[in-house]
1. Examine region 68-80 for a residue that is within 19 Å of V104 (Cα to Cα), assigned by the TED database to the domain that holds D12 and open to solvent by 80 Å² or more (accessible area, probe 1.4 Å), and state whether such a residue exists.
2. When you check K44 against the structure, is it of a type outside the set (S, T, Y) and out of contact with any Pro (no Cβ under 6 Å at 6 or more places or on another chain), yes or no?
3. What residue, among those in region 1-37 that are in a strand (DSSP E or B) and aliphatic (A, V, I, L, M), is most open to solvent (accessible area, probe 1.4 Å)?
4. What's the number of the condition G87 fails, among (1) modelled with pLDDT under 80; (2) closer than 20 Å to D49 by Cβ; (3) in a loop (DSSP other than H, G, I, E, B)?
5. Go through (1) modelled with pLDDT of 85 or more; (2) touching a helix residue (DSSP H, G or I) at 6+ places or on another chain (Cβ under 6 Å) and name the single condition E29 misses.
6. Helices (runs of 4 or more DSSP H) wholly in region 137-230 with at least 2 residues that are more than 26 Å from G118 (Cβ to Cβ) - which ones?
7. Please count how many residues of region 146-162 are farther than 20 Å from G210 by Cβ and open to solvent by less than 50 Å² (accessible area, probe 1.4 Å).
8. Would you check if there is a residue in region 102-122 being within 14 Å of D49 (Cβ to Cβ), touching a helix residue (DSSP H, G or I) at 6+ places or on another chain (Cβ under 6 Å), modelled with pLDDT of 80 or more and open to solvent by 30 Å² or more (accessible area, probe 1.4 Å)?
Amino acid sequence: MARVKMLLVEDDAAIAELVAYHFKREDYEVKHTPDGEEALLLAKEATPDIVLLDWMVEGLSGIEVCRRLRRMPETANVPIIMLTARGEEEDRVRGLETGADDYVTKPFSPRELVARVGAVLRRVRPALAGEALTYSDIEMDTVGHKVRRAGEVVQLGPTEFRLLKHFLEHPGWVFSRERLLDAVWGHDSDIESRTVDVHIRRLRKAINKGNRPDIIRTVRSAGYALDAGN
């Protein structure tokens, strides 16, 4: 699945760093600028898949940036989500009428923002929403939370589902326990790295049921990888 290219236009450095961190964890490619004029240049140079746009940014206002993005042929159909501290109904209506697809007021939950972006992508550009992941004979419906192998349903717990999703998004990549902890359990998790081994065993047991070939490769002193040639 191709990485979603996001243009983040936000002049608050702390908020920009927080937002970029959460979307990069979801494997988005994030390009950031605090300046409205530069945002237009970046969007013209490389068309993003989605724009997160603060109302109050340096140079041009977010509203004007939104208006101009809608006029540019390259970005006329790119989904735009406005981020702002202005929560009054009149401001929300103005943002939407200018061309925004959604509107998120500050302060906001990063997890909710990730979900809102995913919802907009599913609605506007479903091919980028990551609703289905496949590798070899494994199919995952990330929205319906279902997994099949060779057409048969595989029952997974929440953690094993997240582990498999991460592997499916990066087939062939070798991940250390520490990187898997960060990706699946979160950066601030205090879970021991050996916990990864427990969940890998559970995942293997579930997806290899019926004596199917083991599709998860153990790389000595390095970690684990999803590898059909294992």
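The values are calculated or read from the model by the stated rules, or taken from the named source; none is laboratory data. The model shown is predicted, which means the values in this text are computed figures rather than measured ones. Please note: Cβ atoms are built from the backbone with ideal geometry, for glycine as well, and neighbour counts cover all protein chains shown. Remember, those area values only see protein heavy atoms, side chains included, never the ligands or the DNA or RNA. Shrake-Rupley method; radii C 1.70, N 1.55, O 1.52, S 1.80 Å.
1. No - not one qualifying residue is present in region 68-80.
2. When the stated conditions are applied, K44 passes them.
3. Selected residue: V30.
4. (2)
5. That leaves (2) as the condition not met.
6. By residue number, 177-180, 194-207.
7. 1
8. There is no residue in region 102-122 that is within 14 Å of D49 (Cβ to Cβ), touching a helix residue (DSSP H, G or I) at 6+ places or on another chain (Cβ under 6 Å), modelled with pLDDT of 80 or more and open to solvent by 30 Å² or more (accessible area, probe 1.4 Å).
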